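Scroll down for the structure; my scribbles are underneath it.
The values are calculated or read from the model by the stated rules, or taken from the named source; none is laboratory data. Please read these numbers as outputs of a predicted model, since none were measured by experiment. Cβ placement follows ideal geometry from the backbone for every residue including glycine, while neighbour counts extend to all protein chains displayed. When the accessible area is computed, the model is the full protein with side chains, heavy atoms only, and any ligands, DNA or RNA have been set aside. Shrake-Rupley method; radii C 1.70, N 1.55, O 1.52, S 1.80 Å.
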Amino acid sequence: MIESAFPRQLHPYWPRLQEKTRCWLLEKRLMPADKVREYADGLCYTDLMAGYYTGAPDEVLQAIADYSAWFFVWDDRHDRDIVHGRAGDWRRLRYRLHTALDAPRHHLHHPDPLVAGFADSVLRLYGFLPATWNQRFARHFHAVIEAYDREFRNRTEGYIPGVDEYLALRRLTFAHWIWTDLLEPSAGCELPDHVRKNPAYRRAALLSQEFAAWYNDLCSLPKEIAGDEVHNLGISLITHGGLTLEEAVDEIRRRVEECISEFLDAEQKALGFARSLDDGTVRGAELSAAVHSCVGNMRNWFSSVYWFHHESGRYMVDSWDDRSTPPYVTNEAAGEK
């Protein structure tokens with residue numbers, strides 16, 4: 001369905017993007033040099049962003065790609081802190097990320113590379129649109145940090161959330177509204193509330209993110225079962241729905257396919273909304289063009305997420321020496337040495 005209905009796109013800046021993000025990971029000490037050299041390109045983090053925000057200015061795409069690479073490294077640190085029982089380390093990191101989000105300039109030289117790298121990427125993202133966009137982005141990411149804390153507690157306690165509870169939490173841990181917010185600097189325009197909150201626009205945005213989260217759950221299920229995970233739609237379906245593993249996989253696939261077909265309908269309504277904004281004024285034409293750009297990139301998310309999960313070394317569990325320990329992570333809490 002994806003390969004036929006969603007042709008793959010890739011930003012022309014991608015080769016340079018890959019090179020510069022690799023250098024940024026080294027410069028900010030977010031991954032050891034040997035891990036960057038061996039795994040960074042194969043993890044395809046830049047491919048994912050270059051396939052999503054295809055119309056973004058090069059500088060915007062670079063900031064988004066670096067932030068995205070940071071997000072994956074943070075996700076890995078969170079996972080390792082859980083696996084190794086480092087509750088104190090996680091608690092300190094959570095607090096520091098909250099404070100860096102509100103004052104990134106003051107955290108650029110923080111001794112924990114994860115905090116300093118976050119401050120650097122956020123500060124760059126804050127430079128593209130007005131302060132109102134920055135405040136919204138910060139509000140949305142504060143919620144993501146707290147959702148990661150809830151996942152930390154769930155996993156530490158072995159608590160498997162029910163399906164509805166899991167889906168609500170997943171919208172936050174997958175950062176649905178962060179990736180949607182980033183459509184705006186890519187389009188060069190902050191969307192006013194009445195545009196962002198329009199049901200047609202919001203529905204298309206939500207479906208593009210739901211697809212990505214559920215497809216991620218489908219592809220990461222073997223990795224997460226191997227690591228005794230509790231946070232995956234499949235695991236919630238097995239535990240609370242009484243499904244077998246095979247039935248859970250089928251159910252996630254059904255939800256993914258339904259999401260795709262619903263998006264194709266929502267996309268047309270969102271494009272119709274975009275056309276309606278062009279009321280003959282300069283502002284109307286600007287908003288119409290921006291919404292067209294955002295909806296086009298929502299469409300790109302389907303193919304980009306699809307190919308990322310089939311090409312990234314992040315999901316090639318069968319090739320790892322230890323199926324529960326990704327070879328591209330370090331087990332130390334770098335900020336606590």
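Some points to look at:
- Given (1) crowded, with 21+ Cβ neighbours inside 10 Å; (2) modelled with pLDDT under 95; (3) farther than 29 Å from H78 by Cα, number of the condition E247 does not satisfy: (1)
- Sole residue being open to solvent by less than 40 Å² (accessible area, probe 1.4 Å), assigned to a loop (DSSP other than H, G, I, E, B) and not acidic (D, E), chosen from V295, V329: V329
- Flag: P7 does not match the condition of being over 30 Å from E262 (Cβ atoms), open to solvent by 20 Å² or more (accessible area, probe 1.4 Å) and outside any helix (DSSP H, G or I).
- Selected residue (only one of R323, R253 is closer than 30 Å to Q18 by Cα and surrounded by fewer than 19 Cβ atoms within 10 Å (Cβ to Cβ)): R323
- Residue count, the range 184-238 (criterion: in contact with a Pro (Cβ under 9 Å, 6 or more places away or on another chain) and among the polar types (S, T, N, Q)): 2
- Of the residues making up the range 33-42, one or more are closer than 21 Å to M316 by Cβ, over 15 Å from the mean Cα position of the chain (by Cα) and among the small types (G, A, S).
- Residue in the range 195-216 that is of a type in the set (V, I, T), assigned to a helix (DSSP H, G or I) and buried (at least 17 other Cβ atoms within 10 Å of the Cβ) present: yes
- Residues that are at positive phi and part of a helix (DSSP H, G or I), drawn from the range 17-38: none
- Condition broken by S186, with the remaining ones in (1) out of contact with any Gly (no Cβ under 7 Å at 6 or more places or on another chain); (2) in a helix (DSSP H, G or I); (3) small (G, A, S) satisfied: (1)
For (1) hydrophobic (A, V, I, L, M, F, W, C); (2) over 24 Å from C294 (Cβ atoms), each residue gets a yes or a no:
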| residue | (1), (2) |
| --- | --- |
| E151 | no, yes |
| T156 | no, yes |
| I160 | yes, yes |
| L172 | yes, no |
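- Among residues of the range 279-294 that are under 18 Å from K269 (Cβ atoms), those with a Cβ under 6 angstrom from a residue that is open to solvent by 40 Å² or more (accessible area, probe 1.4 Å), sequence gap 6+ or separate chain, pair up as S288/D278; S293/G55.
- Only residues that are more than 16 Å from E286 (Cβ to Cβ), open to solvent by less than 30 Å² (accessible area, probe 1.4 Å) and not hydroxyl-bearing (S, T, Y) were counted in the range 171-194, giving 6.
- With respect to (1) free of Cβ contacts under 8 Å to residues at least 60 places away in the same chain; (2) at positive phi, the lone exception for Y13 is condition (2).
- Any chance S304 is at pLDDT 95 or above, of a type in the set (S, T, Y) and either open to solvent by 50 Å² or more (accessible area, probe 1.4 Å) or not in a helix (DSSP H, G or I) (or both): no
Results for (1) out of contact with any strand residue (DSSP E or B) (no Cβ under 6 Å at 6 or more places or on another chain); (2) closer than 22 Å to A290 by Cβ; (3) in contact (Cβ under 8 Å) with a residue 60 or more places away in the chain, shown as yes or no for each residue.
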position	(1), (2), (3)
E3	yes, no, yes
Q9	yes, yes, yes
G42	yes, no, yes
G51	yes, yes, yes
S68	yes, yes, no
F71	yes, no, yes
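- Here the condition is being open to solvent by 60 Å² or more (accessible area, probe 1.4 Å) and either more than 22 Å from R86 (Cβ to Cβ) or more than 14 Å from the chain's Cα centre (by Cα) (or both); of E146, E157, it holds for E157 alone.
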